[in-house]
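The values are calculated or read from the model by the stated rules, or taken from the named source; none is laboratory data. For clarity, every value in this text was computed on a predicted model and none was experimentally measured. Cβ coordinates were reconstructed from backbone atoms using ideal geometry, including for glycine residues, and neighbour counts include every protein chain displayed. Note: areas computed on protein heavy atoms with side chains; ligands, DNA, RNA excluded. Shrake-Rupley method; radii C 1.70, N 1.55, O 1.52, S 1.80 Å.
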Amino acid sequence: MRRVVVTGLGCVSPVGNSVAETWESVTQGKSGIATITRYDATPFKVKYAAEVKNFDAGQYMDSKAARKMANFSKYAVAAAKMALEDAGIADNKELLDRAGIFLGVGIGGFEITESSMISYCETGGKNIPPMTVPMLIPNEGAANISIAFGIHGPTHTIATACASGTDAIGDALDNIRLGRCDVILAGGAECTQNGFANIGFTKLQALSSKWVDCPEKSSRPFDKQRDGFVMGEGGTILVLEEYEHAKARGAHIYAEVAGYGASCDGYHLTAPNPDGIIGGRCMTLAMKDAGITPEQVQYYNAHGTSTHLNDIGETKMLHMAFGEAAKKLHISSTKSMTGHCLGNAGSLEALMCVKAIENNFIPPTINLDEPDVEGGCDLDYTPNKGVSVDIDVAMSANFGFGGHNGCLVFKKVK
């Protein structure tokens, strides 16, 4: 089976507009959550979010093209540009002509949906821009990457809610293994920073709302005082490449994408199955695919949403998949700093695994002041301060509405 490695990284996140800035913020335990500035949140119960800050689309793309993109597409194109440059293939037209794109997007141009519906209701549709539909549909993120960089291979959009970014990387892994491509840009992008999304998720009782005076403390996975997730946004791209192809061109190799597993609870539209069996299965499948045992994994980047059901259920999954090895596993939820980036969550957290392997460092779970041990959160979640550990294998997993579960395994290339 063909091996697949990571040779380029790019991201736009709530804690930084580059990989270096994002990783530095996360290692230092810096929160990207603050009072909402993108729109007037005064009427809403939820008044804080993890917004991307000081993002200038003109640094990454033609300004005329940017005006025809929703925010999620802009983040995707920016992250792709960074990743291609990092991989050293941004000007390799022959290679890019055959490369592919697999992008995870949970919702798409939500701010375009909101503004267009407001206009429709107010004017009967007279003022809706002609590009409304092409801006809001989820596949346009990948399409805009293709247009911007001349990538003409398979270009797919994966929509499995919060598992979208993970599944996009997993599907890209399989396509390179099958020989359909030697290089694929894989990742995720999302922007749901608008009032429509705010009230929609609030109605589901999914969002944190009680930390108005100190928003940076609001995302607190596995902590007793958690009260919901915090909306994040951004885009992340990993350049995946067949190992021998990467070696032949002298590419810098960050890590190997060694395994992928997926499953679906078939239980509920918004709640995970409380027994954790099917979610745990995707972890076991990923480890089997990678040819490793639980004892070989040093780091697990948790879905860790800071919701009551997820954090307990995910801990159950880890006990099932890892057995006794779960007690020695280093775990952290970087959502404590970045918020929940929805379709981009899995790709951003895959990047965290790659950087953890590169730097032999476990990022912290901030705001973990009192673990909910009585509720079942009884593992080592790296509270409040990161630790240096030799990391040969790292994993990340994500679980989306509808019961979608995905898990990735990354290995150090020695």
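Leaving ligands, DNA and RNA out of it, report the carbon-plus-sulfur percent of the accessible area of region 284-414 at a 1.4 Å probe.
Numbers: 2210 of 4240 Å².
Of all accessible area on region 284-414, carbon and sulfur atoms account for 52 percent.
In whole Å, largest first, what are the principal axis extents of the Cα atoms in region 97-177?
Its Cα atoms span 51, 28, 11 Å along the three principal axes.
When only C-alpha pairs under 8 Å and at least 6 residues apart count, what is the relative contact order of region 321-414, in percent?
It rounds to 30 percent for region 321-414.
First select every other residue whose beta carbon is under 11 angstrom from the beta carbon of LEU185; then total the charges, Lys and Arg +1, Asp and Glu -1.
On the way: positive: LYS81; negative: GLU241.
Local net charge: 0.
Give, to the nearest whole percent, the P(r) tail of region 282-342 beyond 20 angstrom, counting all Cα pairs. Please report the intermediate quantities before stating the final value.
On the way: 504 of 1830 pairs.
Considering region 282-342, 28 percent of its Cα-Cα pairs are separated by more than 20 Å.
Please enumerate, by chain and number, the lysines with C-alpha under 16 Å from the C-alpha of LYS203, excluding those fewer than 8 residues away in the same chain.
LYS45, LYS47
In terms of modelled amide H atoms, which long-range or inter-chain residues lie less than 5 Å from the amide H of ASP227?
When sequence neighbours closer than 5 places are left aside, the close amide H contacts are ARG220.
Would you report the distance distribution of C-alpha pairs in the chain as whole percents per 10 angstrom bin, up to the bin with the largest distance?
For the chain, the binned pair fractions read 5, 25, 35, 24, 9, 1, 0 percent.
Only Cα pairs under 8 Å and at least 6 apart count here; give the relative contact order of region 126-250 as a rounded whole percent.
Numbers: 114 pairs, mean separation 29.6, N = 125.
RCO, region 126-250: 24 percent.
Using the per-residue mean of other Cβ atoms lying within 10 Å as a proxy for protection, in what order, highest first, do the peptides 165-172, 241-248, 253-260 fall? Please list the in-between numbers first.
Working: 165-172: 31.1, 241-248: 17.8, 253-260: 22.8.
So the order, starting with the most tightly packed, is 165-172, 253-260, 241-248.
Give me P(r) over region 295-414, computed from all C-alpha to C-alpha distances, binned every 5 Å, as integer percentages.
For region 295-414, the pair-distance distribution reads 2, 11, 24, 26, 22, 11, 2, 0, 0.
With a 10 Å radius around each residue's Cβ, average the other Cβ atoms per peptide and rank 380-387, 174-181, 95-102, highest first. Don't skip to the end; give the middle numbers.
Details: 380-387: 17.5, 174-181: 15.9, 95-102: 21.0.
Packing order, densest peptide first, comes out as 95-102, 380-387, 174-181.
Could you pull out every one of the aspartates and glutamates with an alpha carbon less than 13 Å from that of LYS53, ignoring same-chain neighbours closer than 8 positions?
GLU21, GLU233
Would you mind telling me the share, in percent, of accessible area of region 183-271 contributed by carbon and sulfur at probe 1.4 angstrom? All intermediate terms of the calculation are to be shown ahead of the outcome.
On the way: 1620 of 3110 Å².
With neighbouring chains kept in place, the figure for region 183-271 is 52 percent.
Give or take rounding to whole Å, what are the principal axis extents of the alpha carbon atoms in region 177-252, in descending order?
54, 27, 20
As a check on your grasp of the helix formula, calculate [θ] at 222 nm for the chain: sum -39500 (n - 2.57) over DSSP H runs of n ≥ 4, divide by the residue count, round to the nearest 500.
Numbers: 14 runs with 142 residues, N = 414.
Dividing the helical sum by the residues of the chain leaves -10000 deg cm²/dmol.
Measure out, as a whole number of angstrom, how far apart the alpha-carbon centroids of region 59-74 and region 201-253 sit.
Taking the Cα centre of each part, region 59-74 and region 201-253 sit 22 Å apart.
Above 13 angstrom, tally the Cα pairs of region 65-113 and express them as a % of all pairs, no decimals. Numbers along the way, then the final one.
Working: 773 of 1176 pairs.
More than 13 Å apart: 66 percent of the Cα pairs in region 65-113.
Using a simple charge model, +1 on the beta-carbon of Lys and Arg, -1 on the beta-carbon of Asp and Glu, nothing else, what dipole does region 308-352 show about its Cα centre, in debye to the nearest 20? Present the calculation step by step, with values, prior to reporting the outcome.
Working: 4 positive and 4 negative charges, 18 e Å.
Around 80 debye, computed over region 308-352.
Students often check this: by mean Cβ neighbours within 10 Å, which of 263-276, 289-302 ranks highest, and how do the rest follow? Walk me through the intermediate numbers first.
Values: 263-276: 16.5, 289-302: 20.7.
With the highest mean Cβ count within 10 Å placed first, the list reads 289-302, 263-276.
Step by step: find N for region 358-404, compute 2.2 N^0.38 Å, then divide the Cα radius of gyration by it. What's the final number? Could you put the intermediate results ahead of the total?
Details: Rg = 13.5 Å, N = 47, 2.2 N^0.38 = 9.5 Å.
In units of the globular-protein estimate, region 358-404 measures up at 1.42.
Normalised by the residues of the chain, what does the relative contact order come to in percent, with Cα pairs under 8 Å and at least six apart? Don't jump to the answer; show the numbers that get you there.
Details: 1147 pairs, mean separation 96.8, N = 414.
Relative contact order of the chain: 23 percent.
Give me a comma-separated list of calculated 3J(HN,Hα) values for region 52-57, in order, Karplus coefficients 6.51, -1.76, 1.60 applied at θ = phi - 60°, integers in Hz, x for any Gly or Pro.
5, 10, 6, 7, 10, 4
Through the Karplus equation 6.51 cos²θ - 1.76 cosθ + 1.60, θ set to phi - 60°, convert the phi angles of region 241-256 into ³J(HN,Hα) values in whole Hz; use x for Gly and Pro.
8, 4, 4, 5, 4, 5, 5, 5, 9, x, 6, 6, 10, 7, 6, 9
Hey, what's the chain come to in accessible area per residue, 1.4 Å probe, Å²? Display every interim value, and only then the final one.
Values: 15810 Å² over 414 residues.
Here the per-residue accessible area is 38 Å².
Report the per residue volume, in Å³, of the convex hull enclosing the C-alpha atoms of region 29-89.
Per residue, the Cα convex hull of region 29-89 comes to 116 Å³.
Compute the distribution of all C-alpha to C-alpha distances in region 1-43, in bins of 10 Å from 0, and list the percent of pairs in each, rounded to whole numbers.
Over region 1-43, the share of Cα pairs per 10 Å bin runs 22, 33, 25, 13, 5, 1 percent.
In debye, nearest 20: dipole of the chain around its Cα centre with unit charges on the Cβ of K, R (+) and D, E (-)?
The dipole of the chain has a size of about 400 debye.
Out of the total accessible area of region 18-172 (probe 1.4 Å, heavy atoms of protein only), what percent is carbon and sulfur? Before the final figure, lay out each step's value.
Values: 3780 of 7110 Å².
Accessible surface attributable to carbon and sulfur in region 18-172 totals 53 percent.
Over region 188-304, what lengths in whole Å, largest first, do the semi-axes of the equivalent ellipsoid take, defined as the square roots of 5 times the eigenvalues of the alpha-carbon gyration tensor? Don't skip to the end; give the middle numbers.
Details: eigenvalues 222, 89, 45 Å².
Over the Cα atoms of region 188-304, the ellipsoid semi-axes are 33, 21, 15 Å.
In nm², what is the average projected area of the convex hull enclosing the Cα atoms of region 26-185? List each step's numbers first, then the result.
Numbers: hull surface 47.4 nm².
Hull-based average projected area comes out at 11.8 nm².
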